[in-house]
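Down below is the structure, laid out as structure tokens.
The values are calculated or read from the model by the stated rules, or taken from the named source; none is laboratory data. This one's a predicted model, so the numbers in the text were calculated from it and none came from an experiment. Heads up, the Cβs are rebuilt from the backbone with ideal geometry, glycines too, and the neighbour counts pull from every protein chain shown. Remember, those area values only see protein heavy atoms, side chains included, never the ligands or the DNA or RNA. Shrake-Rupley method; radii C 1.70, N 1.55, O 1.52, S 1.80 Å.
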Number of protein chains: 2
Amino acid sequence: MLSKKTKYAIKALVALGKNVENPPMQIVRLAEQEMIPRKFLEQILLDLRNAGYLYSKKGAGGGYSLNKNAADIYLADILRITDGPIAMVPCASLKFYRKCDECHDEKTCGIRKTFIDVRDATLQVLSRTSVADVIARENTDDLLV
Amino acid sequence: MLSKKTKYAIKALVALGKNVENPPMQIVRLAEQEMIPRKFLEQILLDLRNAGYLYSKKGAGGGYSLNKNAADIYLADILRITDGPIAMVPCASLKFYRKCDECHDEKTCGIRKTFIDVRDATLQVLSRTSVADVIARENTDDLLV
DNA sequence: ACAAAGTCTATTGAATAAGTAGTCTTTATT
DNA sequence: AATAAAGACTACTTATTCAATAGACTTTGT
């Protein structure tokens, strides 16, 4: 499961992506609009800003805006900032590799191989889906579940 | 990330899958061999047994063995027993659906649609990979990372 | 000068995961 | 029948992580 932090991060990016024509958006407004606890959102935006995805301006008339084109912000990268590894086992992670404690021999581990496949399948989606894509899908009927 | 519980469950199933020609395996042996805390493993095996995947026998000479063919035990089903939902957001879950707290309108939610895609990609692997497949991959060179 | 923003770090509280303990039940063996 | 070797079941404890909160500081526009 995604942490709330990550979910909030995506929601914030989507909201800011829809706000590009307007002046920067204040944390308080964003928090209200997206139903996110204000101080928690504050930290999340900070992280995204420090990672280069957001631009912020202090003082009166300040606020947050995207620092990249929404089409260039991929969910995989956001998840990694807020949740860390995307793989389901540390030894299958591309960016946060760690040996599993109880692993006898990684080279022959069938579990690892399987979860590398899972990771690749997941990334196939997440590293190709941008904030712009998420926004674009909001008003289409492409999924009828 | 997979919980340790799930990882231990898979390891246990794999070990038991390799043990099918032999008499049932005792918890203690399995725990030692796979480096899993004994009492924790006990609970996990119980869950798998109650879900119909394992057969157990009490008393001297007792122990655990698979109750199905290793080729018919799919990882997706195991994950659901030990970790619950496979989807990354509750509203995208096939078997454990739950509405997201902060969701305005699920029908148009781009995040949901995206994570349904992720779920499908993940299941594409997990619901086709059996314990037998995991065992089979242990001694192949099909992945050179 | 002051108010309206964001910045940064620390702390608290709650939930969940991980592990432990102990008693009960079944079964094989002697 | 007694005993020992297993698993069954429930309750509890501890550790970790997540979520949220607090508060003092900095920048900037008017």
**Prompt:** Among chain A residues, which Cβ is nearest the axis of the A-onto-B rotation, and at how many Å?
**Reply:** A:Ala121, 2
**Request:** Taking only the C-alpha atoms, wrap a convex hull around chain A and report its volume per residue in Å³ as a whole number.
**Result:** 136 Å³
**Over the stretch B:70-145, relative contact order from alpha-carbon pairs under 8 Å, at least 6 apart, %** = 43 percent
**Candidate lysines for bridging to A:Lys107, where Cα separation is under 23 Å - those fewer than 8 sequence places away on the same chain excluded** = A:Lys95, A:Lys99, B:Lys4, B:Lys5, B:Lys7, B:Lys11, B:Lys18
**Request:** At q = 0.07, 0.11, 0.16 Å⁻¹, work out log10 I(q)/I(0) for the protein assembly as shown with the Debye formula, treating every Cα as an identical point scatterer and leaving solvent out; two decimals please.
**Result:** -0.33, -0.72, -1.19
**Prompt:** Relative to the other copies, what are the label-point distances for A:Gln33, with labels 7 Å from Cα along the C-beta vector, expressed in nm at one decimal and sorted shortest first?
**Reply:** 5.8
**Nearest-first distances (nm) between copies at A:Tyr55, label 7 Å from Cα via Cβ** = 6.9
**Request:** Would you kindly find the accessible area of B:His104, with a 1.4 Å probe and non-protein molecules such as ligands, DNA and RNA excluded, rounding to the nearest 10 Å²?
**Result:** 120 Å²
**Fill in**
Carbon and sulfur atoms account, in whole percent of the 1.4 Å probe accessible area of chain A, for 50 percent
**Message:** If I histogram all Cα-Cα distances within the stretch B:90-145 using bins 10 Å wide from 0, what percent of pairs lands in each bin?
**Reply:** 19, 35, 21, 17, 7
**Pairwise FRET efficiency - A:Glu138 versus A:Glu42, Cβ, R0 = 22 Å, nearest 0.05** = 0.30
**Item:** Mean residue ellipticity (222 nm) of chain A, computed from DSSP H runs ≥ 4 via -39,500 (n - 2.57), nearest 500
**Value:** -14000 deg cm²/dmol
**Request:** Counting only C-alpha contacts under 8 Å and six or more residues apart, can you give the relative contact order of the stretch A:4-66 as a whole percent?
**Result:** 40 percent
**Fill in**
Between A:Asn67 and A:Glu106, the FRET efficiency computed from the C-beta separation at R0 = 25 Å comes out, to the nearest 0.05, as 0.05
**Message:** Let me check I've understood the local charge: for B:Ile81, count other residues with C-beta under 12 angstrom from its C-beta, Lys and Arg +1, Asp and Glu -1. What total comes out?
**Reply:** +1
**Prompt:** By accessible area of protein heavy atoms, probe 1.4 Å, what ranking do A:Arg128, A:Arg29 get, highest first?
**Reply:** A:Arg128, A:Arg29
**Request:** Counting only heavy atoms of the protein chains, get the accessible area per residue of the stretch A:1-121 (1.4 Å probe) and round it to a whole Å² value.
**Result:** 49 Å²
**Request:** Could you work out the mean projected area of the convex hull around the alpha carbons of the stretch B:10-80, in square nanometres to one decimal?
**Result:** 4.5 nm²
**Asked** Once you list every other residue whose beta carbon is under 15 Å from the beta carbon of B:Met25, what net charge do they have if Lys and Arg are +1 and Asp and Glu are -1?
**Response** +3
**Asked** Of A:Glu21, A:Glu106, which has the most accessible area with a 1.4 Å probe, and how do the rest follow in descending order?
**Response** A:Glu21, A:Glu106
**Request:** Taking the Cα atoms of the stretch A:59-129, report the difference between the largest and smallest coordinate on each principal axis, in whole Å and largest first.
**Result:** 58, 24, 12
**Request:** Starting from a label point 7 Å past Cα on the Cβ side, list the distances from B:Leu94 to the same position in the other copies, nm, shortest first.
**Result:** 2.4
**Request:** Give, rounded to the nearest 20 debye, the magnitude of the charge dipole that the protein assembly as shown has about its Cα centre when Lys and Arg contribute +1 at Cβ and Asp and Glu contribute -1 at Cβ.
**Result:** 740 debye
